[in-house]
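**Student:** This structure is in structure tokens; I'll ask about it shortly.
No value in this document is a laboratory result; all are computed from the given coordinates. Being a predicted model, the structure only gives us computed values, none of them experimental. Ideal geometry is used to build each Cβ from the backbone, glycine not excepted, and the neighbour counts take in all protein chains shown.
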Amino acid sequence: MRELRAAVVGVGRLGALHALKYTNLAGVRLCYVIDANPRRACEIAALTGAVALPDHRALAGKVELASVAAPSLAHHTIARDLMFAGIDVLLEKPMAATLAEAGELAAIARDSGRILQIGHLERFNPAIVRLRPLLNNPRFIECHRLAPFTERGTDVDVILDLMVHDLDVILSVTSAAVSSLEAVGVAVITDHIDVANARVRFADRLIANLNTSRVAPRKERKIRFFQPDAYISLDYEARRIQIYRKEAPPPGAAYPVISAEQIDIDEGDPLRDEIAAFVQSVHTRRIPEVDPATGLRVMELSEQIVVAIREAALDVSVNG
């Protein structure tokens, strides 16, 4: 494979990690880094051997692919400009600040033939990869994603900041449409929703309950699946899957027995795997696993949840 030239736009905490991963991948060379803070861009350039540029538009004709890890509100403009310049894009979540912007990006990728991969990192988490073969028509999914407050990601609400991770995992389990949805949420520290709960029912009768907070006292990331043959619990932080299955009753017994199994998961490097998959898609021109259509489904459900939260708040204010 020929060596591709890469750039990273936005080299804050996450963007800097993108830059470092590129430096250790075969088939690609990190050439440029861009950040609104010139000093930060120069720091990461010195660390990676790349060149710092002042503006993402200067990348036209210089690279074949780029990661966009800038603030969420800038995703649409940067990704649009890069694709129009003939550059393939790995776009960190959320896909955009609004569904309309996300739809425009998907259309540009389709019409221009550009690779646009959405950065839903849990798809490459070794725990989720190990979990997938265990899932068998789950009927109920419960998610808890809680985190202490940081300023990162606060340009959007907690649904686009944190809940999108779980929404993507849930939507990867079912292709059914949403049949009903209830949600509540409140702003605590920022002007956006910081704490949210959503209960989503799909047309195939799957129900998902999601609890998300970015103002919690401690970090917690868990997801549980209830299905006809098993109860499966994944603790992301402990990197542990617990499986409980109903076995046939032993001879002479009236009730079945429950068997338990624990699977410990290696930490792995999901960001490296995500970027490697993106580079491979650029080389082969194959549609990435997390393609624009996948990102749009997450954005559509995110917007439905936000609308439901606003309607619930309005109902409370009107009815006291």
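**Student:** I263 versus T77, label points 7 Å from Cα toward the beta carbon: distance in nm?
**Tutor:** Output for this residue pair reads 4.4 nm.
**Student:** In nm, give the distance between the simple-model label positions of Q280 and R139, each being 7 Å from the Cα along the Cα-to-Cβ direction.
**Tutor:** Between Q280 and R139, the simple spin-label model gives 3.6 nm.
**Student:** Then there is this: Could you give the radius of gyration (one decimal) and Dmax (whole number) of the Cα atoms in the range 93-238, in Å?
**Tutor:** Radius of gyration, then largest Cα-Cα span, for the range 93-238: 16.0, 46 Å.
**Student:** Then there is this: Within the range 148-189, find all residues whose amide N lies under 13 Å from a label point positioned 7 Å from the Cα of L47 along Cα-to-beta-carbon.
**Tutor:** none
**Student:** Work out from phi, with θ = phi - 60° and the Karplus expression 6.51 cos²θ - 1.76 cosθ + 1.60, the ³J(HN,Hα) of each residue of the range 68-74, listed in order in whole Hz, and give x for Gly and Pro.
**Tutor:** Those phi angles translate into 10, 10, 6, x, 4, 5, 9 Hz.
**Student:** Could you give the distance between the Cα centres of the range 165-182 and the range 248-320, to the whole Å?
**Tutor:** The distance from the Cα centre of the range 165-182 to that of the range 248-320 comes to 8 Å.
**Student:** Note the count of lysine pairs whose C-alpha atoms are less than 28 angstrom apart in the chain, limited to pairs 8 or more residues apart or on different chains. Walk me through the numbers before you get to the answer.
**Tutor:** Working: K21/K62; K21/K93; K21/K219; K21/K222; K62/K93; K93/K219; K93/K222; K222/K246.
Count of close lysine pairs: 8.
**Student:** Between E311 and A107, what length comes free when the chain is fully extended (0.36 nm per residue of separation minus the Cα-Cα distance, one decimal in nm)?
**Tutor:** Details: separation 204, 0.36 × 204 = 73.44 nm, distance 2.99 nm.
So the extension gain works out to 70.5 nm.
**Student:** Using the Karplus equation 6.51 cos²θ - 1.76 cosθ + 1.60 (θ = phi - 60°), what ³J(HN,Hα) coupling, rounded to whole Hz, does each residue of the range 127-144 give in order, writing x for Gly and Pro?
**Tutor:** Running phi through 6.51 cos²θ - 1.76 cosθ + 1.60 with θ = phi - 60° gives 5, 5, 4, 6, 6, 3, x, 7, 7, 9, 6, x, 9, 9, 10, 10, 10, 10 Hz.
**Student:** A further question follows. Just to confirm the filter: which GluC sites (Glu not before Pro) across the range 87-167 are DSSP coil and have at most 13 other Cβ within 10 angstrom of their Cβ? It would help to have the intermediate numbers written out before the result.
**Tutor:** Numbers: sites: E92, E101, E104, E122, E142, E151; in loops: E151.
Those that pass, being in a loop and sparsely packed, are E151.
**Student:** Sticking with this one: If one takes the longest principal axis of the Cα atoms in the chain, at what angle in degrees, from 0 to 90 and to the nearest 10, does the Cα axis of helix 99-112 lie?
**Tutor:** 60 degrees
**Student:** Additional query: Rounded to the nearest 0.05, what FRET efficiency do A60 and A254 give with R0 = 51 Å and r taken as the Cβ-Cβ distance? Could you check? Before the final figure, lay out the partial values.
**Tutor:** Values: r = 73 Å, r/R0 = 1.43.
With a Förster radius of 51 Å, E is 0.10.
**Student:** Right, next: Rounded to the nearest 10 degrees, what's the angle between the helix 292-319 long axis and the longest principal axis of the chain, both from Cα atoms, 0 to 90?
**Tutor:** Once rounded, one gets 60 degrees.
**Student:** Can you give me the angle between helix 270-284 and the longest principal axis of the chain, using Cα atoms only, in degrees from 0 to 90, rounded to the nearest 10?
**Tutor:** The angle comes out at about 60 degrees.
**Student:** While we're looking at this one, here's another question. Run through all the Cα pairs of the chain and give the fraction in each 20 Å bin from 0, expressed as whole percent.
**Tutor:** 30, 55, 14, 1
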